[in-house]
Amino acid sequence: MRLIIIGGGIIGLATGWRMRQAGWEVTLFDKRRAGEGASWAAAGMLAVCAELEPGQEAGFALGRDSQLRWPGFVRDLEIATGQTVGYRETGTLEVAVSDKDVARLRDSYTFFKQLDAPMQWFTKDAACDLEPALSHHIQAALFAVEDYHVDARAVVTALREAFLRSGGKLIEDCAVKALRVEDHQISDVETAQGVYEADHVLLAAGWEARDLMLPLGIDLPITPVKGQMAALDGSVLRDTVLTHVVRTDHTYIVPREDGRIVLGASSEPGASDRTITEEAIAELVQGAIEIVPVLRDCPVIDRWAGVRPASPDGMPILGPSGWAHLTLATGHHRNGILWAPASIDLLCDYIQSGVESPLFQAFSLARFDRL
Ligand SMILES: Cc1cc2nc3c(=O)[nH]c(=O)nc-3n(C[C@H](O)[C@H](O)[C@H](O)COP(=O)(O)OP(=O)(O)OC[C@H]3O[C@@H](n4cnc5c(N)ncnc54)[C@H](O)[C@@H]3O)c2cc1C
């Protein structure tokens, strides 16, 4: 069976790799180099508790499921490629620096405890014991014990390699221009390098997926949300400054094994350019220094931007598209790295069996009355 995948981000590459393992012939198109979209820009937090909020319970369940799949996913990927992907099983500390923050964290704590999330309330002293570089202005913290992190760039680099080694055909710098349909089902795709036939097509084109669905009469509710990021050189400090992800409601700090300290991220709905502004970077650095003052000694060594694919409820759009043999996989917004292992297993099962998992209900395009 022939599968065409449009888009080589974490979702397209990982699904392509798994479908090759299942014996399908897979051709993946990316209009740029695969892996250099939103997935390249991501901080790599696997943050079920720190990123999700009331109303996103289905996303929480998908996230918990995915957190459990991450160790196996990493193991398979590292065995397939011989590359490491910076997966670190240290949790995330969300800190409060004001009375308002303390009240917000208390609400989060109550919400996540109802969902049985692995989360602990920390006093200021407990937080500073865990991370001695924290500012003394910290009032309290929530410790999301299993909100681990991974190096997202290393993950997509390894996935690209795993896909190629498994025999997948990768066609880069080649945009898919149109999806062609016949008798209410997908027949082939028109690309910058000609027309390709397929038995099944997976649309995993991130924030750009909407453009390909409009001519088919489906207005996919996906909008771009730009995020700017920076990295500091933590190796200038004598000691390791942080071992856990540390965050407030507007800034997060992700320490990498190589000494880089990643800071994120702006959230700019509607923007799809990748330009960097001094104001956004200065705000990130200021936000980080406020909670970890020693970071003021670390120079900024990198800055970049990426574009998140956002649906109206912040959760992914997975599964049926309204056209037979055309499957949707977009809208992973702020959590596509976290959700990837669970999303791709759902997608692979559906593409092979044609049977919709009950889990798709919460993530179907039908929830927006667009089918
Ligand atoms: C700044 C930032 C920080 C983030 N941090 C985190 C985080 O810490 N944790 C987390 O879980 N998530 C995070 N995210 C979100 C996560 O990165 C995304 O949800 C995820 O990468 C989406 O993956 P994707 O494969 O759907 O899209 P992408 O990685 O964007 O891949 C889509 C691909 O499709 C290609 N494409 C588009 N149109 C076409 C076409 N017509 N033809 C061919 N190819 C096409 C693009 O070139 C691109 O390579 C972050 C995102 C950003 C921007």
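The values are calculated or read from the model by the stated rules, or taken from the named source; none is laboratory data. Fair warning: this is a prediction, and the values are worked out from it, not measured in the lab. Cβ coordinates were reconstructed from backbone atoms using ideal geometry, including for glycine residues, and neighbour counts include every protein chain displayed.
Conditions (1) within 16 Å of the ligand (Cβ to nearest atom); (2) modelled with pLDDT under 95; (3) not aliphatic (A, V, I, L, M), marked per residue:
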{"position": "ARG20", "(1), (2), (3)": "no, no, yes"}
{"position": "TRP24", "(1), (2), (3)": "no, no, yes"}
{"position": "ASP30", "(1), (2), (3)": "yes, no, yes"}
{"position": "GLU53", "(1), (2), (3)": "yes, yes, yes"}
{"position": "ASP99", "(1), (2), (3)": "no, no, yes"}
{"position": "ARG106", "(1), (2), (3)": "no, no, yes"}
{"position": "LEU115", "(1), (2), (3)": "no, yes, no"}
Practice task
Could you look through region 330-348, keep only residues that are within 7 Å of the ligand (Cβ to nearest atom) and of a type outside the set (Val, Ile, Thr), and pick out the one that is nearest to ALA265 (Cα to Cα)?
Solution key: ARG334
Handout entry: Residues of region 312-340 satisfying the condition of being of a type outside the set (Asp, Glu) and part of a loop (DSSP other than H, G, I, E, B)
Key = PRO312, GLY314, MET315, PRO316, SER321, GLY322, TRP323, HIS325, GLY331, HIS332
Exercise for the section: Please specify each residue of region 187-237 satisfying the condition of being within 12 Å of the ligand (Cβ to nearest atom) and of a type in the set (Val, Ile, Thr). Expected result: VAL189, THR191, VAL201, ILE222, VAL225
Completion exercise
Pairing a residue in region 154-170 that is assigned to a helix (DSSP H, G or I) with any residue that is aromatic (Phe, Trp, Tyr), where Cβ atoms lie under 7 Å and the two sit 6 or more apart in sequence or on different chains, gives VAL156/TRP40; LEU159/TRP17; ALA162/TRP17; PHE163/TRP17
Fill in the blank from the handout: Across region 57-93, the tally of residues that are of a type in the set (S, T, N, Q), within 13 Å of the ligand (Cβ to nearest atom) and either exposed (fewer than 15 other Cβ atoms within 10 Å of the Cβ) or not assigned by TED's automatic domain parsing to the domain that holds THR251 (or both) stands at 2
Exercise for the section: Scan region 17-46 and report the pairs whose first residue is outside the structural domain of GLY168 (by TED's automatic domain parsing) and whose second residue is within 6 Å of the ligand (Cβ to nearest atom), with Cβ atoms within less than 7 Å and a gap of 6+ or a chain change. Expected result: none
Practice task
Could you please let me know if ILE317 is touching a Gly at 6+ places or on another chain (Cβ under 6 Å), of a type in the set (A, V, I, L, M) and within 13 Å of the ligand (Cβ to nearest atom)?
Solution key: yes
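Residue-by-condition table, conditions (1) among the basic types (Lys, Arg); (2) surrounded by 15 or more Cβ atoms within 10 Å (Cβ to Cβ); (3) in a strand (DSSP E or B):
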| site | (1), (2), (3) |
| --- | --- |
| VAL181 | no, yes, yes |
| ILE186 | no, yes, yes |
| GLU190 | no, no, yes |
| LEU212 | no, yes, no |
| ASP219 | no, no, no |
| PRO224 | no, yes, yes |
| MET229 | no, yes, yes |
| SER235 | no, no, no |
Practice task
Could you list all residues from region 349-359 that are assigned to a helix (DSSP H, G or I) and either within 15 Å of the ligand (Cβ to nearest atom) or within 22 Å of PRO221 (Cβ to Cβ) (or both)?
Solution key: TYR350, LEU359
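Would you be able to tell me the number of residues in region 107-128 that are under 15 Å from LEU52 (Cα atoms) and in a helix (DSSP H, G or I)?
Total satisfying the criteria: 8.
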